[in-house]
Amino acid sequence: MTTLRTTVIMKTDISGSTVRFRGLAEADLHVLLVDHREFLSRHALAHDGRIVKPEGDGFWLVFPSVTAAGLAAMAMQEELRLAQPNKGDDRLTMRVVITLGDVLHEEGALVGDTVVLTARIESITPPDEIYLSAAARLAVHQAEIRTASVDTVPLKGFTDSVSVYRVEQTHRTRVVEDQYIVFTDLRGFTQLVEGSPMTTVEKLLDALLGMINRVSQEFGGMVRFSTGDSYCVTFAEAGLALAAAERLSEGWGAFLRQEKLSCPINMAVHRGTLYAFRSYLYGAGINLASRIESASASVLAPNEGSVFVSGEVRHDLAGTMWGTRLDLTDVRPRGHPKIEIYRLGKI
């Protein structure tokens with residue numbers, strides 16, 4: 001059935017997708033696109049919007065108001081930045097366009113000049129930005145979403161130049177308190193890279209990524225960032241962090257035995273506060289967790305990995321099964337010689 005009604009349209013597009021996707025295996029690309037659709041759908045539903053149809057790596061969505069679409073777009077952009085901290089130009093970025101006008105809805109398709117205008121504005125929208133048509137800008141609630149003029153530009157298919165606006169996204173530091181930070185590192189990774197075929201290194205890194213993601217999902221964690229073969233994952237509870245670390249240690253050990261490789265995983269757990277600004281993630285807690293992991297090498301055999309926790313984490317685990325398995329060590333993190341570090345013992 002064909003109906004004509006005034007519609008708020010949002011169009012999203014992953015920036016630089018052609019080059020980025022060319023380097024992905026088919027299975028990895030499928031997972032990325034499925035996850036991206038779920039991400040968009042979740043934010044759209046939170047503001048009473050919905051996906052109308054996909055278009056390559058982009059999506060057409062509709063919303064009940066321009067303000068709702070703008071708030072959803074801002075939430076999308078913020079989560080994309082926070083989910084990929086410290087990656088710089090290597091992170092996944094998205095451009096978003098919001099327009100308003102009379103649109104024909106025909107069997108799931110959107111038809112009309114407003115649809116064409118949306119596509120034309122998308123072609124000039126930079127990564128990370130949210131652009132608006134003039135009609136959408138007039139309809140948005142200015143107290144909730146601030147806008148600024150981009151320019152009046154000529155667009156293909158339109159006789160007169162078109163005024164384009166942008167949402168002024170407010171970047172504030174987000175404070176994430178009392179997180180149990182798990183910092184992981186593969187011991188002997190450099191030697192393995194230097195002495196193994198590229199296919200072996202790729203298989204190992206793929207296995208590590210999959211295992212980190214599965215364990216994080218199982219125990220309610222969030223992968224904050226990765227650097228080389230190291231990962232930073234956070235959890236809301238100390239017990240969950242230890243359970244995840246032990247599960248990861250066991251799973252990784254089984255993988256190494258199966259593949260006949262020597263590259264054990266070592267982990268440190270510390271409680272701290274994270275600070276997120278744009279795509280940056282920082283905080284003393286992350287630094288200390290990294291230093292604990294690095295310093296713990298002094299008490300490990302060359303082909304050994306383990307789980308180490310700070311005194312703060314041990315205090316929070318008092319009276320639990322985890323607390324009874326922690327043994328004091330002589331690990332001295334750089335810059336923190338007096339902090340107590342404990343090692344998780346075997347069951």
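With the Cα gyration tensor of the range 207-254 giving a ≥ b ≥ c as the square roots of its eigenvalues, does the rule (a/c under 1.5 for rounded; else a/b larger than b/c for prolate; else oblate) give rounded, prolate or oblate?
Cα axes put the range 207-254 in the oblate bin.
Just reorder Tyr282, Tyr275, Tyr231 by solvent-accessible area, largest first, 1.4 Å probe, all chains present.
Result, largest first: Tyr282, Tyr275, Tyr231.
Please report, in debye to the nearest 20, how large the charge dipole of the chain is about its Cα centre when each Lys and Arg carries +1 at its beta carbon and each Asp and Glu carries -1 there.
560 debye
For the range 277-330, take the convex hull of the Cα atoms, compute a quarter of its surface area, and give me that in nm², please.
5.3 nm²
List the trypsin sites (Lys or Arg not before Pro) within the range 312-347 that fall in a DSSP loop (any state other than H, G, I, E or B) and whose Cβ has at most 11 other Cβ atoms within 10 Å.
Passing both the DSSP loop test and the Cβ count: Lys338, Lys346.
Step by step: find N for the range 78-185, compute 2.2 N^0.38 Å, then divide the Cα radius of gyration by it. What's the final number?
Computed over Cα atoms of the range 78-185, the ratio equals 1.38.
Cα centroid distance between the range 120-166 and the range 42-76, in Å?
Taking the Cα centre of each part, the range 120-166 and the range 42-76 sit 17 Å apart.
Can you tell me the Rg and Dmax of the chain, counting just the alpha carbons, in angstroms?
Gyration radius and largest Cα-Cα distance of the chain: 24.4, 76 Å.
Can you tally the net charge around Pro333? Count Lys and Arg as +1, Asp and Glu as -1, for every other residue whose Cβ sits under 13 Å from the Cβ of Pro333.
Neighbourhood net charge equals 0.
Could you provide, to the nearest whole Å², the per residue accessible area of the chain with probe 1.4 Å?
Result: 51 Å² of accessible area for each residue.
Can you give me the solvent accessible area of Ser298 with a 1.4 Å probe, rounded to the nearest 10 Å²?
Near enough 90 Å² of accessible area.
Counting only residues 5 or more places away or on other chains, whose amide H sits under 5 Å from the amide H of Thr93 once H atoms are built in the peptide plane?
For Thr93, the qualifying residues are Ser15.
Under a Cβ-Cβ cut-off of 12 Å, what is the net charge of the residues other than Ala136 that fall near it, where Lys and Arg count +1 and Asp and Glu count -1? Show your work: numbers first, answer last.
Details: positive: Lys11, Arg137, Arg166; negative: none.
Summing Lys and Arg as +1 and Asp and Glu as -1 gives +3.
Could you work out the local net charge near Val201, counting Lys and Arg as +1, Asp and Glu as -1, over the other residues with Cβ closer than 14 Å to its Cβ? Don't skip to the end; give the middle numbers.
On the way: positive: Lys203; negative: Glu194, Glu202, Asp206, Asp229, Glu259.
Result for the local shell: -4.
If you take the beta carbon distance between Asp327 and Ala75 as r and set R0 to 56 Å, what does 1/(1 + (r/R0)^6) give as a FRET efficiency, to the nearest 0.05? Working shown, then result.
On the way: r = 45 Å, r/R0 = 0.79.
For R0 = 56 Å, the calculated efficiency reads 0.80.
Quote the charge dipole size of the range 151-278 about the Cα centre in Debye, to the nearest 20; the model charges only the Cβ of Lys and Arg (+1) and of Asp and Glu (-1). Let's see the in-between values first.
Numbers: 13 positive and 15 negative charges, 8 e Å.
About 40 debye.
For the range 250-347, what percent of Cα pairs sit more than 16 Å apart?
60 percent
Taking the alpha-carbon distance from Lys260 and a cut-off under 22 Å, which lysines remain once sequence neighbours fewer than 8 residues away in the same chain are dropped?
Qualifying lysines at Cα under 22 Å: Lys203.
Given R₀ = 41 Å, what would the calculated FRET efficiency be for Lys260 paired with Glu106, taking r from the Cβ atoms and rounding to 0.05? Provide the component values of the computation, followed by the final result.
Values: r = 59 Å, r/R0 = 1.45.
That gives a FRET efficiency of 0.10.
What is the percent carbon and sulfur in the accessible area of the chain, measuring with a 1.4 Å probe over the protein chains and ignoring ligands?
It is 51 percent, rounded to a whole number.
When we measure straight from the Cα of Lys11, which lysines land under 27 angstrom away, once same-chain ones fewer than 8 places off are left out?
Straight-distance partners of Lys11: Lys53, Lys87, Lys156.
On alpha carbon coordinates alone, what is the Rg over Rh value for the range 184-225, Rh being the Kirkwood radius?
1.07
Which value, in Å³ per residue, describes the convex hull spanned by the Cα atoms of the range 210-286? Please list the in-between numbers first.
On the way: hull volume 7.6 nm³, N = 77.
It comes to 99 Å³ per residue, whole-number rounded.
The values are calculated or read from the model by the stated rules, or taken from the named source; none is laboratory data. Everything numeric in this text was worked out from a predicted model, so none of it was measured. Note that we place each Cβ from the backbone using ideal geometry, even for glycine, and neighbour counts take in every protein chain shown. The protein model used for the area step is the full one, side chains on, heavy atoms only, and it has no ligands, DNA or RNA in it. Shrake-Rupley method; radii C 1.70, N 1.55, O 1.52, S 1.80 Å.
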